[in-house]
1. Where residues in the stretch 14-37 are at negative phi and assigned to a loop (DSSP other than H, G, I, E, B), which of them is surrounded by the fewest Cβ atoms within 10 Å (Cβ to Cβ)?
2. Pairs please, first residue from the stretch 57-69 and closer than 12 Å to ILE27 by Cβ and at pLDDT below 95, second anywhere and outside any strand (DSSP E or B) and of a type in the set (Lys, Arg), Cβ atoms under 9 Å, 6+ apart in sequence or on different chains.
3. Among the residues of the stretch 26-56, which ones are out of contact with any Gly (no Cβ under 9 Å at 6 or more places or on another chain) and touching a residue at least 24 places away in the same chain (Cβ under 8 Å)?
4. Could you tell me which residue of the stretch 13-25 is nearest to GLU79 (Cα to Cα), considering only residues that are under 9 Å from the mean Cα position of the chain (by Cα) and free of Cβ contacts under 8 Å to residues at least 60 places away in the same chain?
5. Out of all the residues in the stretch 1-13, which are in contact with a strand residue (DSSP E or B) (Cβ under 8 Å, 6 or more places away or on another chain), in a strand (DSSP E or B) and acidic (Asp, Glu)?
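The values are calculated or read from the model by the stated rules, or taken from the named source; none is laboratory data. Bear in mind the structure is a predicted one, so any value in this text is a computation, not a measurement. Note: ideal-geometry Cβ built from the backbone for every residue, glycine included; neighbour counts use all protein chains shown.
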Amino acid sequence: MQFVERIDGDYRIYAGALELREGCGFIAAVVVQQLVAGKLGGPREIYRDTGLSCNYPWVSSDMALARALDSGASAVRLEQHRP
């Protein structure tokens, strides 16, 4: 299991690569939080996907992490353009 955390402006992206059975590849997961305090005073989750690409396995953890980070960055861009 590998995790990466990235700050993108007012957003935190958590990306993970989870190993399937030995030698079967990695799946990707991502959670994005808006760091600006919400009504309850803490971060607000804006996006979560724990089975990116329908749990299709990537060959390497680096590929899975890259996909998760890309998905998180796309969610941030969509949120920023929301009226």
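1. Checked the stretch 14-37; the qualifying residue surrounded by the fewest Cβ atoms within 10 Å (Cβ to Cβ) is GLU22.
2. TRP58/ARG67
3. Scanning the stretch 26-56 gives PHE26, GLN34, VAL36, PRO43, ILE46, GLY51, LEU52, SER53, ASN55.
4. Looking at the filtered set, the residue picked out is TYR14.
5. If the condition is that a residue be in contact with a strand residue (DSSP E or B) (Cβ under 8 Å, 6 or more places away or on another chain), in a strand (DSSP E or B) and acidic (Asp, Glu), then GLU5 is the only one that fits.
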